[in-house]
Structures are given as C-alpha cells and as structure tokens.
Amino acid sequence: MTINFAMLTTFLCLACLLISSQAAPAQLPKMISQSKRTPKGIHLPVKRQSRTRMTGISRRGDVTTSADLGDTEDLMYTVQMKIGNTLMPFALDTGSSDIWVASEDCQEQVCQSGVPLYSTSTFKSSGLPLNLTFGDSTSRTFASGVIGTDTIILAGVEIKGQLFISANSTNNSLPLLGASGNFGLSFPTERQVLVTLCIYYHVFISNFPKPSSLLFEAIEHPFQQPPITSLDQVPDTFVMEGPLMSRLSQSALVSPEFTLTLQREKFDIGDNNGLLSMGELPPGVSNDSFTWVPVRRYTHAEGGLAAGNETFPVQWEVPIDDVFIDGQRLPQSNLTPNISLTGLVDSGSAAIRGPSDVVANLNTILSGSPNTNIIDCGTPHTLAFQIGGKMFPIDPRDFYRQTVPDNLDNCTTNVVSTDPPKLGFLQSWVLGDQLFKSTIVSFYFGNLTHPSVDPPRIGFLSTVPPNADQLYLKALANAKQNGNNFPASIVDAPAPTVSVFTTFLPPSPEPTNSVVSSDSSRPVPLFTSEQDISSGFV
C-alpha cells in the first residue's frame, strides 16, 4: 500500500489522540581543487578519476576537508560520509528524505559487490523495523532494516544522534553502482523514519507503556525530545529528529540552503563540473542570477500535514509553466486536467519522467511512434521547461543515451512516462539528473517549523551554452572515431580528510526568519517521490 508521510502522520496522530522567457546561459561556478569549509558554508567539488567498469553495469580561517562527490557513468552521484567507524559513499537524492545504509548484516547479492558495509558496532538500535520502497509502478526497489542512531561526519561536521535505517536486506542496485546507501536531501514531512517513531509512541506505547527490552534494545528514547501529544507539535520534531540536511540547514549553516550541479561524464568527459554547496551559493554565482520559484506547500486536503495554521512542503516540487521540444510547446496532459502543472526536482532519478500521454506525444514528434523513444542520434533536440517565466533547456548531450554498444545510428531519449498525480504526490513531471547537468539548482529550506515566516523555494540557473547543438554533434563525431561508443568513466568520491571537526547538536526550534545568502547504466529510475511505508506496527 502506498502511503504519503504527511497523510499518515495526520491520520496516526489523530487516531492516537482519540486513543490517548529564456534564461541566459551561465558560467559554471568557480571550482576549487578540494573540498572547502568557508565561514558561511561547505563546498564539495567533484574529483574525476576513472576505474575499471564494474561487472554487470551496462554501458550506456578556512577549514579544508576532502569529502567529494563521485559519479558513476552519469547514473549516480555520491558523497562520502562516515557513520560510526565506517566511511562510505552515499547517493545524493533530492527526491527522498531518509538515510539508509547497507549494513554488514545484509546477505543479499547486491551487498556482496565490494562496497563498504556499515559496521553496526556503534549502532544504537531502536528495535523498530522499517521497509522502504522506492520508485513508481514501473520500477520498485526496497531497503528494509532497523531504525537507530549513530554519529555521522560529513565534510568535517559531526552530527550526533542522527536517525537512519541500517538495512539488512535490499534489492536496490545502489551497491552494485558503488554506493553503500542513500542520502535523502528532502523535507522532514517526507521522512518515513519519523512516521514510524510516531506509530511507535502513539500506538504501541499507549497500549504497552513498558516496552520490552527486545523491542527497545539500545535506545531508552528514540526521540531526543518528549514525544508529541498533538498535531501542532509535529513540526517541533523536524530540527532534532529530521533528515540530516534539514537539521544542518536550520542550525549549523549560515543560510538554510544547499546547491547542486552535476558533472557530465558521458559524451564529453570532464567538460563540466559537479559541486555540492551547503550554507551558501557556489563561488562565482550570485543570488540574483537565479530564477527563484516557490516550493509547493500541501494543504491537508491535498494530502499535506495538518498542524496548526501552517501548510508544509512535502517534497522539492515547483510549478512548471510549460514544456517545449525544439521550441514547440507540448500540449499539457489530459489525464489530470484539473491539477496544476508541477515537477519534482529529483537528483535520484536517472531520467526525466512525465505524463504518459505527453511522453507519447513527444515520442511521436521525435520518432514517428508514440511507443518508442529510440531516435536518430544524428539530430540534436532540445527539451525545455519553462519555470518562473524563463526557459531551462536540457542540453542535447544530456537528452540522449546510447541504445546499444558499438552503434551510434540510434539513441534513446532520457524521457519516460510516470504515474499520474495522486493525493500527496501531485507532481506531473520528475526532473532528474539531466536537469542538474544543464542547470545549477539551489534548494532553500527556509523555516521548517513555520514555513509561512520564510517559505521554501528553488533557484534555477541555466548552464547550457548557445552552441549546445554543435557541441553535441562534435561529441557524436568524436564517438564515431572511438569505436562508435560515447566515452564513459566511473568516478569515485574521494575519501575525506578532516582538519577540524564541528560538532552539531541543534537547539530547540524557534520561529526565526532566515535570509537567502547573497553570494546554490542504472535502472530508470531508482528514486522518485512516491514511496511506500510498512512496519511491524501497521
């Protein structure tokens, strides 16, 4: 059963209370040779290094640290984090909120791929089981395990008592692609760990006030603050119990934001750079160069969290004006004509996903058939999204992927269909990695507990050059001279070295008004916004 976090939180807590124009192309941000901690933020650059292609992967006073991003054949983007005593690469995913990591207890085949597995010697288990499932109806994967806490170190910042899932079983292909787990970068309202703890406290504890030691193994109290007793208190858990990035944004960073741009390793190796900046925008770009649009906040009727007079964001979802192919406007979907057009900005998706009727129309325009997205490699095409009144094109080099090895006659577009909008997940489009390789995207959390005081928003800055078509054709010509294969490399996130630690223990949340800084082949897709939740208590 598919259950939205905010809806489930509202239902459970209620039940428990009863029981008890064109954007100008921009230069990429100025790059730095290694990760850097500045007075305002943290910047994690991509360092490229090739290694042998993994078996089974189809072709297709500054404080200096090293905790850099890695890239697996344009399919996944990772950052190194240390949990307890184990240093591991994690996939960056703006489409989900939780951290899960494959533990040493995982015996599944994907866990035997050679990636570092989490040592549970420092894990403080709650004993609470959780099964996460990712993907839409066309692609389902799962990661199941136990909720608990440990200390996490990211780029010199030490976060104590971070909640996450130690997974002992998964069929998710992240470990095959070189990641030990998933680093969710979205809002607390999408967090499944939190709702499971809500279930425990408000259902289980109300019936069994003295929990068994087997269930409540190592943690006397999973929450770091008293359990909530009303819906209005739910947002108060966001800072102390929320996802890692949102916790950092509210108390450890000067500005509650992070910015992500991804490198391109297919077509032109090393032709652009990837960067994760936290707390301030990347070097060399300014706030007014971005097009800023509000993040959708869900009302209770739309499947959002009902807490006081506030409406809360569920995911990084923004309004879309229109979608274009080669300057031609694509008709909007007839499947859900009464739902406003929005898109989920999701770095965890390896493709752009849209309404099935719109994707069929796009396929017909490009291939002559609504049922195939395989087209001639020799003709560059530009898919563009109009957001905030400006056009944000997808670089032709990111629009295609090679269909079969040693053949460049036909290519496959990186656009596929997805499920129609539904309660709690009202987006029509999922804007995946292709957007991040053509655009610098800045995510501003604002005030998590009182979004009306400082609303969340996303900024977009196009990096597509005016001669993108010519660059694509040049890359195609070079590939034909290289055995009819586009180049590919696998880039590991280098292990971090930390010169100074900052320990993060967040204070109790207060309704403060933050300001924006003036100076942000894997199966398709592994992650989307739609997620299921199941536990031993429902």
Of the listed pairs Lys40/Lys474; Lys36/Lys160; Lys82/Lys437; Lys390/Lys422; Lys40/Lys422, which have alpha-carbon separations greater than 32 Å here? Lys40/Lys474; Lys40/Lys422
Specify which residue in the list Gly368, Gly274, Ala468 is farthest towards the positive end of the charge dipole of the range 259-492, using unit charges on the beta carbon of Lys, Arg (+1) and Asp, Glu (-1), about the Cα centre. Gly368
Simple spin-label estimate for Asp469/His300, 7 Å along Cα→Cβ, in nm, reads 5.3
Ranking His381, His300, His43 by Cβ neighbours within 10 Å, fewest first, what do you get? His300, His381, His43
Magnitude of the Cβ-charge dipole of the range 259-492, K/R +1 and D/E -1, about the Cα centre, nearest 20 debye? 120
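Charges only on Cβ, +1 for Lys and Arg, -1 for Asp and Glu: so what's the dipole of the range 304-425 about the Cα centre, in debye to the nearest 20?
Details: 6 positive and 13 negative charges, 27 e Å.
For this selection, approximately 140 debye.
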What's the magnitude of the charge dipole for the range 231-389 around its Cα centre, counting Lys and Arg as +1 and Asp and Glu as -1 at the beta-carbon? Answer in Debye, nearest 20. 220
Lys and Arg at +1, Asp and Glu at -1: add these up for the other residues within a Cβ distance under 14 Å of Ile339 and post the number. -2
Using DSSP, restrict attention to beta bridges with both residues in the range 259-492 and report what percent are antiparallel, rounded to the nearest 5. 85
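With an 8 Å Cα cut-off and a minimum separation of 6 or more residues, compute the relative contact order for the range 259-492 in percent. Each step should come with its number before you reach the end.
On the way: 485 pairs, mean separation 61.9, N = 234.
Across the range 259-492, relative contact order equals 26 percent.
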Cβ-based net charge around Pro393, under 11 Å, with every Lys or Arg adding one and every Asp or Glu removing one: -3
Could you give me the ³J(HN,Hα) list for the range 137-147, computed from phi with Karplus coefficients 6.51, -1.76, 1.60 and θ = phi - 60°, whole Hz, x at Gly and Pro? 5, 8, 8, 10, 9, 9, 9, 10, x, 10, 7
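All of the numbers you see were taken from the coordinates with simple rules; none came from a lab. Note that the coordinates shown come from a computational prediction; the quantities given were computed from them, not determined experimentally. Don't worry about glycine lacking a Cβ; one is built from the backbone with ideal geometry, like all the others, and counts go over all protein chains shown.
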